[in-house]
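Report on one structure; see the data block that follows.
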Amino acid sequence: MSLSQPPLKYRRRITDLDEYQSLYEDSIAEPADYWKRQSEELHWFYPSHSVFEEHGPGEFVWFGGGRLNAAVNCVDRHVAENPNKTAIIFVADEPGEYQHISFGDLKTSVGRVANTLKSLGVRKGDRVCIYLPMIPELAYTMLACARIGAVHSIVFGGFSADALRDRIIDADAKVVVTANEGLRGGKRIPLKKITDDAVEGLAVVESVLVVKRTENEVPMEHGRDIWMHEAMTEQRITCPSEWMASEDPLFILYTSGSTGKPKGLVHTTAGYLTYAASTFKYVFDIRPNDVHFCAADIGWITGHSYIIYGPLSNG
């Protein structure tokens, strides 16, 4: 059997350099109109009354007055179109372990995690620190936070207890989500032990949710530590989504600290999601049934933008 592919000019969103130049010049000459068109590809509960406002030095507002939810844009609207379509292909560090996760299944897992977080007292505006390996539960937890309006702060799974502790304190995170272990390059990473060391004596941390990644047992502190899989089974699969203002925080992501103390950068909901969705669409030229692979770690901004929010917002 032979396969034929249509010429690229019929598949590409931008067919030639002239079209690219025209789009670029339009974005520079009329930036408000350009970004308004990009934002209209998202789902809004309530549309914005403006695109961009400047209220003083360093005081800017994007999409003022608008209300939306990042998880609804990344999950729910695609479930409505085709719940069986694959949303995520998970390929583990160990050969032979993989999953195809549909948008319908993704919504179910996100709903259970969101309700688990709510059962622990997490509310809109609260910070949740995520210290997980590259497993599906990382995506579930990010989107669960977005769904209920909590602000996620992901810490790269290769960082030390001290680095994790500093970021928990700075973000004032009331819940930490980790795993008993991580698997990377054939080695076991003691994530729960690192987390225990990081949160020791921290009054701000009320609960630690633990994903069971391997069969190895780990100490669980009574009244603080909770197995994620056990907590999820007790929760409903549906969770109402918060109507987030455009400038409400979506996540905090810290710089690496290689040139000084790590700085927590706040990314707001509408501006970030519009940019991630738009750049993914044009830069990677992805079509609805294409498969996108990104070798980044979700612990960094490339992973946030081009593993989770950019691809999923495009369906």
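The values are calculated or read from the model by the stated rules, or taken from the named source; none is laboratory data. Small disclaimer: the values here were computed from a predicted structure and weren't measured. So basically every Cβ, Gly included, is an ideal-geometry build from the backbone, and we count neighbours across all protein chains shown.
Quick notes on this one:
- Within segment 78-95, being modelled with pLDDT of 95 or more and in contact with a Gly (Cβ under 8 Å, 6 or more places away or on another chain) holds for HIS78, VAL79, PRO83, ASN84, LYS85.
- Residues of segment 198-222 that are surrounded by 13 or more Cβ atoms within 10 Å (Cβ to Cβ), part of a loop (DSSP other than H, G, I, E, B) and among the small types (Gly, Ala, Ser): none at all.
- Restricting the first member to segment 252-275 and to residues that are more than 23 Å from PHE45 (Cα to Cα), and the second to residues that are in a helix (DSSP H, G or I) and not aliphatic (A, V, I, L, M), the beta-carbon pairs closer than 6 Å and six or more apart or on different chains are TYR254/ARG167; GLY264/ASP170.
- Filter pass, THR274 being part of a strand (DSSP E or B), among the hydroxyl-bearing types (Ser, Thr, Tyr) and modelled with pLDDT of 95 or more: no
- Tabulated pairs, segment 208-226, first without any contact (Cβ under 8 Å) to a residue 12 or more places away in the chain and within 16 Å of GLY157 (Cα to Cα), second surrounded by 13 or more Cβ atoms within 10 Å (Cβ to Cβ) and polar (S, T, N, Q), C-beta under 8 angstrom, 6+ apart or interchain: none
- Checking the stated criteria, SER39 turns out not to satisfy the condition of being within 20 Å of the chain's Cα centre (by Cα), of a type in the set (S, T, N, Q), at pLDDT 95 or above and under 30 Å from PRO133 (Cα atoms).
- Enumeration of residues in segment 223-253 that are assigned to a strand (DSSP E or B) and among the small types (Gly, Ala, Ser): ALA245
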